[in-house]
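Take a look at the structure below.
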Amino acid sequence: MPNNHELLTFARSLAKDSGEMLAHFFDSSFQTYAKGINDVVTEADLAVEKMIIDAIRTQYPSHKIYSEETRQDKFDSDDYVWFIDPLDGTFNFSYRIPVFGVSIALQHLDNVQIGVINLPSTQDQYYASRGSGAFLNGKAINPVPDLDNQYVVLGAISVRKPELGQKLTRLIMQEHENIRKFRDISATAVALCIASNHTDTIMIDTTFKPWDIAAGALIATEAGLVVTDLQGNPWNTLMDSCLAAPVSLHASILSKLKEQT
């Protein structure tokens, strides 16, 4: 069986190539299509996903694939399963907002073992291997320190889940003296990367799918954040809500969110 170092090397190279393809599409014309309610998919999503799937099927033909657009294999606990979001932040991308990335993760025995997120616009690559720490462009993540005891909230508010928006609004009103900024950047994996790199930033989301959260949650955890669902349960790829926060903030924010009924 391949070890995590080999798998991470493969995933990092694949994420880099995928990011370069996204950047090429972003700098040129591309087609955008409607996908369900309040959702879109672009030509770039489909092309990058195909490249990733083809590479995995060539290198690891026995592995399962669970991707956003075209392939969602059934899998068991002992399977190796690749979670792929070829374009995290599709809406941003389609509106030429340069906040997007590619997310690739591998799960085995119900735990994500490796995660890689490539951000083409900043040429940054975040990655982690379970138990080995989190890295940004080859260096261990050393979060930017809090300067003034305030914190930033990165939230994703969906019109399909208005209850989170209501909770966040009440939290912001209650905590207005402590919250420096609130931002909905509409890209779950990107938000987790940002939170991982700052000691004063939390991420709250209920709008994601397994491919959105898998790599970012591992990176955030390995960077030292506490990652749970909004009930305080340890994170997994099937959870439907997420709170990622520094140890100094997580328990307090979780308690305050539970109060916002």
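The values are calculated or read from the model by the stated rules, or taken from the named source; none is laboratory data. Being a predicted model, the structure only gives us computed values, none of them experimental. With ideal geometry, Cβ positions are generated from the backbone for all residues, glycine too; neighbour counts draw on all protein chains shown.
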Notebook entry, point to check: Which residue pairs have Cβ atoms under 6 Å apart, sit 6 or more places apart or on different chains, and have a first residue in region 172-189 that is not assigned by TED's automatic domain parsing to the domain that holds PRO120 and a second that is surrounded by fewer than 14 Cβ atoms within 10 Å (Cβ to Cβ)?
Noted result: ASN178/GLN150; ARG180/GLN150
Next item on the list: Report whether or not ALA245 is modelled with pLDDT of 90 or more, buried (at least 21 other Cβ atoms within 10 Å of the Cβ) and over 13 Å from the mean Cα position of the chain (by Cα).
Entry: yes
Next item on the list: Scan (1) crowded, with 23+ Cβ neighbours inside 10 Å; (2) out of contact with any Cys (no Cβ under 9 Å at 6 or more places or on another chain) for the single condition HIS108 breaks and write down its number.
Entry: (1)
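Quick one: is PHE83 within 21 Å of ASN197 (Cα to Cα) and at pLDDT 95 or above? Write out each step before concluding.
On the way: within 21 Å of ASN197 (Cα to Cα): no; at pLDDT 95 or above: yes.
The answer is no for PHE83.
With respect to ILE253, determine if the residue is closer than 26 Å to ASN142 by Cβ and either part of a helix (DSSP H, G or I) or in the same structural domain as ALA134 (by TED's automatic domain parsing) (or both). Even if it seems obvious, please write down each step before you answer.
Details: closer than 26 Å to ASN142 by Cβ: yes; either part of a helix (DSSP H, G or I) or in the same structural domain as ALA134 (by TED's automatic domain parsing) (or both): yes.
Criteria met by ILE253.
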Notebook entry, point to check: Could you list, in sequence order, the residues of region 203-222 that are surrounded by 24 or more Cβ atoms within 10 Å (Cβ to Cβ) and over 26 Å from SER77 (Cβ atoms)?
Noted result: MET203, ILE204
Item checked: Residues within region 98-118 that are within 11 Å of the chain's Cα centre (by Cα) and either closer than 15 Å to THR221 by Cβ or part of a strand (DSSP E or B) (or both), tallied -> 9
Check: Do we find a residue being surrounded by 14 or more Cβ atoms within 10 Å (Cβ to Cβ), assigned to a helix (DSSP H, G or I) and of a type outside the set (Val, Ile, Thr) anywhere in region 79-92?
Finding: yes
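Mind listing just one residue for me: the one in region 15-44 that is among the small types (Gly, Ala, Ser) and more than 20 Å from the chain's Cα centre (by Cα) and, of those, modelled with the lowest pLDDT? Talk me through it step by step, then tell me what you get.
Initial filter on region 15-44 (among the small types (Gly, Ala, Ser)): 15, 18-19, 23, 28-29, 34, 36, 44.
The next check asks that each one be more than 20 Å from the chain's Cα centre (by Cα); those that pass are 28-29, 34, 36.
Values: SER28: 86, SER29: 83, ALA34: 79, GLY36: 67.
Filtering first and then ranking leaves GLY36.
Mind listing whichever residues of region 204-261 are small (Gly, Ala, Ser) and under 22 Å from LEU87 (Cβ atoms)?
Quick first cut of region 204-261, residues small (Gly, Ala, Ser) only: 214-217, 220, 223-224, 232, 241, 244-245, 248, 251-252, 255.
Within region 204-261, ALA214, ALA215, GLY216, ALA217, ALA220, ALA244 qualify.
Within region 184-202, work out how many residues are among the small types (Gly, Ala, Ser) and within 10 Å of ALA244 (Cβ to Cβ). Steps first, answer last, please.
Going residue by residue through region 184-202, those that are among the small types (Gly, Ala, Ser) are 186-187, 189, 191, 195-196.
Add one more test, that the residue is within 10 Å of ALA244 (Cβ to Cβ), and what stays is 191, 195-196.
Final tally of qualifying residues: 3.
Considering each residue of region 193-202, count those that are touching a residue at least 60 places away in the same chain (Cβ under 8 Å) and buried (at least 24 other Cβ atoms within 10 Å of the Cβ), and give that number.
Residues that pass the stated criteria total 2.
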Note to self: What's the total number of residues in region 129-152 that are crowded, with 16+ Cβ neighbours inside 10 Å, at pLDDT 80 or above and not in a loop (DSSP other than H, G, I, E, B)?
What the structure shows: 5
